[in-house]
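Any read-out appearing in this document is the output of simple, stated calculations on the displayed coordinates, not a laboratory observation. Keep in mind it's a predicted model, so treat the numbers as computed, not measured. Using ideal geometry, Cβ is built from the backbone for each residue, glycine included, and neighbour counts are taken over all protein chains shown.
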Ligand SMILES: C[S@@+](CC[C@H](N)C(=O)[O-])C[C@H]1O[C@@H](n2cnc3c(N)ncnc32)[C@H](O)[C@@H]1O
């Protein structure tokens, strides 16, 4: 898997080579901003700074970069199994944002961080690339590095949305993808640690059309959005 994403790293654009996805929004950041706007609402302290945030499977660091560009302030760290993708983090980080996030390569699911290192952990568009048998190790690692009382946010493509399945089946970087629904995430997390869980569905409207954003906020309960987010607060 590492080698596979190494190959895509320099030109990685979040699957925008798919024409149907491009009709929904012509910039990869528009899709990521749907998640970062939601995340900023869950974690208002991101506006103040001071949280230690890990983006697990950060790829080229796009989630951290879009968060920072929209006013998110945090002590950012990214990790990934692909060193090629990690090399993109600093390369794509605008100088105006200051120092790029720290990055660290993973050894499979395992990260080099001490137990309970992070206040907030995000994992976005990663689990569908992890073979099913290896997912429990990822859930355990996420729970290990999160502080008691820390929050974990899992963002994934929603397999219940037919357009998502259409796009994933025709996107080269998703050739090996096995989509998972929010229930699988919830069960996987609870098998690994004690959490209070909540979930929202996101991206009902094309991310490229700004004036429709309000509609998305009314529909978070409906399990048909293109994405979902599982929010997990670790027991203190
Ligand atoms: C579609 S990209 C998403 C990158 C980033 N999270 C984002 O939202 O832009 C999937 C990422 O998952 C990483 N990945 C694949 N298998 C992984 C695993 N077992 N553990 C951690 N990361 C993995 C890949 O290297 C790649 O960077």
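Which of the three applies to the stretch 1-71, rounded, prolate or oblate, going by the alpha-carbon gyration tensor with a ≥ b ≥ c and a/c under 1.5 meaning rounded? Oblate shape, in that a/c is at least 1.5 and b/c is the bigger or equal ratio.
Using the Cα gyration tensor of the stretch 156-218, with a ≥ b ≥ c the square roots of its eigenvalues, what is the shape: rounded (a/c below 1.5), prolate (a/b larger than b/c) or oblate (neither)? Oblate shape, in that a/c is at least 1.5 and b/c is the bigger or equal ratio. If you wrap the chain in the convex hull of its Cα atoms and look at it from every side, the mean projected area works out to 11.5 nm².
Can you say what percent of the DSSP beta bridges in the chain, counting only those with both residues inside, are antiparallel? Round to 5. Roughly 45 percent of the DSSP beta bridges within the chain come out antiparallel. Extension gain for residue 196-residue 40 works out to 54.3 nm (0.36 nm per residue, less the C-alpha to C-alpha distance). Between 41, 186, 217, the Gaussian network model of the chain with springs among Cα atoms under 10 angstrom shows the greatest mean-square fluctuation at 41. Along its three principal directions, the equivalent ellipsoid of the stretch 101-236 from the Cα gyration tensor extends over semi-axes of 26, 18, 14 Å, largest first.
Each of 173, 32 has some number of other Cβ atoms within 10 Å of its Cβ, and from fewest to most they run 173, 32. Ordered by the count of other Cβ atoms within 10 Å of each Cβ, fewest first, 175, 65 give 175, 65.
Taking the fewest neighbouring Cβ atoms within 10 Å as the starting point, the ordered list for 118, 5, 211 is 211, 5, 118. Inter-part distance, the stretch 114-179 to the stretch 40-97, computed on C-alpha centroids, equals 16 Å. Classification of the stretch 26-67 by its C-alpha gyration tensor yields an oblate form. The axis ratio a/c (a ≥ b ≥ c) is 1.5 or more, and b/c is at least a/b.
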